[in-house]
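Data block below; observations after.
The values are calculated or read from the model by the stated rules, or taken from the named source; none is laboratory data. Computed from a predicted model, the values in this text were never measured in an experiment. Virtual Cβ from ideal backbone geometry, glycine too; neighbours counted across all protein chains shown.
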Amino acid sequence: MKLSGADMLMHALHDEGVELIFGYPGGAALHIYDAIFRQDKIDHILVRHEQGATHAADGYARATGKPGVVLVTSGPGATNAITGIATAFMDSIPMVVISGQVASHLIGTDAFQETDMIGISRPVVKHSYTVFDAKDIPRIVKEAFHVATSGRPGPVVIDIPKDMTAPENLFDYAYPKKANIRSYNPPVKPDQNQIKRAVTEILSSRRPVIYAGGGAIASNAERELFQLNEILDAPVTNTLMGLGIYPATNDRFLGMLGMHGTYQANMAMHNADLIIAIGARFDDRITNNPSKFSPGAKVIHLDVDHSSVSKIIEANIAVFGQVKNSLQAMIELLKQNIDKYSKDDLKEWHSQIAQWKSSHGLNYEMYKDESDAHPILPQAVVQHVYNVTNGNAYVTSDVGQHQMFAAQYYHFDKPRRWINSGGLGTMGFGLPAAMGVKFAFPNEEVVCITGEGSIQMCIQELSTCLQYNLPIKIININNEALGMVKQWQDMNYGGRHSESTYQDSLPDFVKLAESYGHVGIKVEKNSDLKEALEKAFSMKDRLVFVDVYVDPAEHVYPMLVANNSLEDMWLSKDKKT
Amino acid sequence: MIKRKLILIMENKPGALVRVVGLFHQRGYNIESLHVDPVDDFSSYKFIEERLETKFKENEISRLTIQTLVSDSLMRQILRQLNKLIDVIAVSNEETTYLKGVLLDENLL
């Protein structure tokens, strides 16, 4: 079969199993766009801004586990994609970004819409390719998907000069069965000696904590994690990226840990004698001051990435490999030694945790005070959304206070349901990510919990939602300010709200949603909240934008006291541990 | 802080060197000196070739020598980060070598 470079690209993507591409056309990508027009196997989704394309592909990847695919043009198309690529990189999300480039003979001449995409993207990609010879396209596509999805996943860029896709140059097409990258060899199976050492440590622990993060989700290890804890019966905490990997409604679940983690999760981590870290990287939002972190705990660290282990917190036992495989190996060995383990040994530990939980745990009944004398509490909005969706929705979020409230109060029982930008903290992520999820699961409820600051960073995608009829529900927790910035200014800068408010210049979000052809609902009173949400979720075939005005003075708690241990938390505006 | 020598065997591909140099900048490590040579004589790298699915051909690999001023713990982190780069086949310091992602307790390069 003789094909042009552009047609080979489309064939290769199809042979790789790609069903959807999110993109935006432009000069350097026009040969590829013509190839898209002439085929019917892959759907292309036209976004309104390249950042939207990357976040949508990212949301699709997080929800499905399959790599997201993006197609952009050179120059501004490529640079606009960078924020989304960096977002995926920080959270280890598999993604392949194809960028058009000016023709080979123009590279280096400051040609129209020329930019060094490989150079600009280098620090935020797992790997990148330039196509120098069109016949390499099938091999490069195969390698790119292999690199993006194996080991610790991440984004891969393929930069394609325009002449490489020219219709007049034809090549024999065959898609390679296997990627052969001789220098790339991520660990898969764990070292059995390390598994033995880990199990020995577990058997003698009296205060263990399982600390699972995004790596456990990337490895699809929810069954193994659950089985492990059926044996151990240990308390489990999840990072922001790990929410859903262990059922939040399980008795052993402590909630999220870290900066805005629950009191019991942070206390348990601090006082543990053993931390079993599973696909988590001891981020600074988790450890607070590393030198004061969990002084009495030994650390078993399961990870696929060598460089994540002992980077911040020294691991006593490192287990490299796909965490799913490592967990299986641990479960097997634990089962053989089951006579040496008694759940009763953890009794004291559980009663200590129960005491922490009852003294300063999150208040799950905020919504019960629905008197109109008080402004709506943002936490109550999330709790209502949880109830109305029966805890079953895919929830995307943006970044800030609403994100933390969603993480604290929406209880995820399944992985890949909580879709947020954890590492990079990208405002504008929520709406396009929700589009990606909705494309993957058109029959599932998809909610974007956002704020009036974040939503305006990718608001243009409301137009994409109309074009493709995506009935997403947008819950805008509107405090008329950059809430998290304001909270820090309240706590650390004497309440000087430098450039964090704009209440007189906000758009009428109801009219805005309506002008894009959607439904808008404004909620200002506690007594209207429940009914408004029920109405929104009853409109199955419409995008509904629910603009909820909440108490602008509310802060997110608990909050770690900077540069201290996990025991040091603000529990409210005037109460410290 | 001690002056340390790192040796890398890597694919001689466009952009490979800049990934190594960029990593030092990105992670806040310092380069004291840097030397790159194409590898013409593969005989001293037979032990690497044995582990590869496709054998070395002429002009395909380079040898990089980097001197850097670092502490012990940072040295380990630099090694691990370099090992993660897709084009790096092997990297070693005085005591250890990562060869195709596998850590060995000796300096083989």
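For region A:347-355, state whether one or more residues are over 25 Å from residue A:566 (Cα atoms) and polar (S, T, N, Q).
Looking for residues that are over 25 Å from residue A:566 (Cα atoms) and polar (S, T, N, Q), one finds none in region A:347-355, hence no.
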(message) Take residue A:145 and tell me if it is within 30 Å of residue A:216 (Cα to Cα), buried (at least 16 other Cβ atoms within 10 Å of the Cβ) and either away from chain B (no Cβ under 13 Å) or under 21 Å from the mean Cα position of the chain (by Cα) (or both).
(response) yes
(request) Among what's in region A:496-532 and is of a type in the set (Lys, Arg) and in contact (Cβ under 8 Å) with a residue 24 or more places away in the chain, pick the residue that is surrounded by the fewest Cβ atoms within 10 Å (Cβ to Cβ). (result) A:525
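Conditions tested, residue by residue: (1) under 20 Å from the mean Cα position of the chain (by Cα); (2) among the hydrophobic types (A, V, I, L, M, F, W, C); (3) farther than 24 Å from residue A:422 by Cβ.
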position: A:78; (1), (2), (3): no, yes, yes
position: A:82; (1), (2), (3): yes, yes, no
position: A:86; (1), (2), (3): yes, yes, no
position: A:100; (1), (2), (3): no, no, yes
position: A:114; (1), (2), (3): no, no, yes
position: A:134; (1), (2), (3): no, yes, yes
position: A:160; (1), (2), (3): no, yes, yes
(message) Given (1) more than 14 Å from chain B (Cβ to nearest Cβ); (2) of a type outside the set (Asp, Glu); (3) in contact (Cβ under 8 Å) with a residue 60 or more places away in the chain; (4) crowded, with 24+ Cβ neighbours inside 10 Å, identify the lone condition not met by residue A:77.
(response) (3)
(message) Criterion first (closer than 23 Å to residue A:195 by Cβ, surrounded by 23 or more Cβ atoms within 10 Å (Cβ to Cβ), at pLDDT 95 or above and more than 14 Å from chain B (Cβ to nearest Cβ)) does residue A:280 satisfy it?
(response) yes
(message) away from chain B (no Cβ under 14 Å), in a strand (DSSP E or B) and not hydrophobic (A, V, I, L, M, F, W, C): is that true of residue A:175 in this structure?
(response) no
(request) Return the only residue of A:326, A:308, A:294 being of a type outside the set (A, V, I, L, M, F, W, C), crowded, with 22+ Cβ neighbours inside 10 Å and more than 24 Å from the chain's Cα centre (by Cα). (result) A:294
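Restricting attention to region B:87-106, and to residues there that are free of Cβ contacts under 8 Å to residues at least 24 places away in the same chain and either assigned to a loop (DSSP other than H, G, I, E, B) or surrounded by fewer than 21 Cβ atoms within 10 Å (Cβ to Cβ) (or both), which single residue is nearest to the other protein chains (Cβ to nearest Cβ)?
Checking each candidate, the answer is B:101.
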(request) Taking only region B:15-32 into account, find how many residues are surrounded by 15 or more Cβ atoms within 10 Å (Cβ to Cβ) and assigned to a helix (DSSP H, G or I). (result) 7
(request) Please verify whether region A:288-296 includes one or more residues that are within 14 Å of another protein chain (Cβ to nearest Cβ) and without any contact (Cβ under 8 Å) to a residue 12 or more places away in the chain. (result) yes
(request) Would you mind telling me which numbered condition in (1) free of Cβ contacts under 8 Å to residues at least 24 places away in the same chain; (2) of a type in the set (Asp, Glu); (3) assigned to a strand (DSSP E or B) residue B:53 fails? (result) (3)
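Take the residues in region A:524-551 that are outside any helix (DSSP H, G or I) and within 15 Å of residue A:373 (Cα to Cα); name whichever of them is farthest from the chain's Cα centre (by Cα).
The qualifying residue farthest from the chain's Cα centre (by Cα) is A:525.
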(request) For region A:250-309, name all the residues that are acidic (Asp, Glu) and not in a strand (DSSP E or B). (result) A:251, A:273, A:283, A:284, A:305
(request) Determine the pairs where a residue that is assigned to a loop (DSSP other than H, G, I, E, B), located within region A:218-237, has a partner that is small (Gly, Ala, Ser) with Cβ atoms under 7 Å apart, the partner being 6 or more residues away or on another chain. (result) A:219/A:279; A:220/A:65; A:235/A:268
(message) For region B:40-86, give me each residue that is within 19 Å of residue B:27 (Cβ to Cβ), within 12 Å of another protein chain (Cβ to nearest Cβ), surrounded by fewer than 14 Cβ atoms within 10 Å (Cβ to Cβ) and of a type outside the set (S, T, N, Q).
(response) B:72
(request) Please go through region A:441-459 and pick out each residue that is among the small types (Gly, Ala, Ser) and assigned to a loop (DSSP other than H, G, I, E, B). (result) A:453, A:454
(request) For region A:5-45, name all the residues that are crowded, with 22+ Cβ neighbours inside 10 Å and acidic (Asp, Glu). (result) A:7
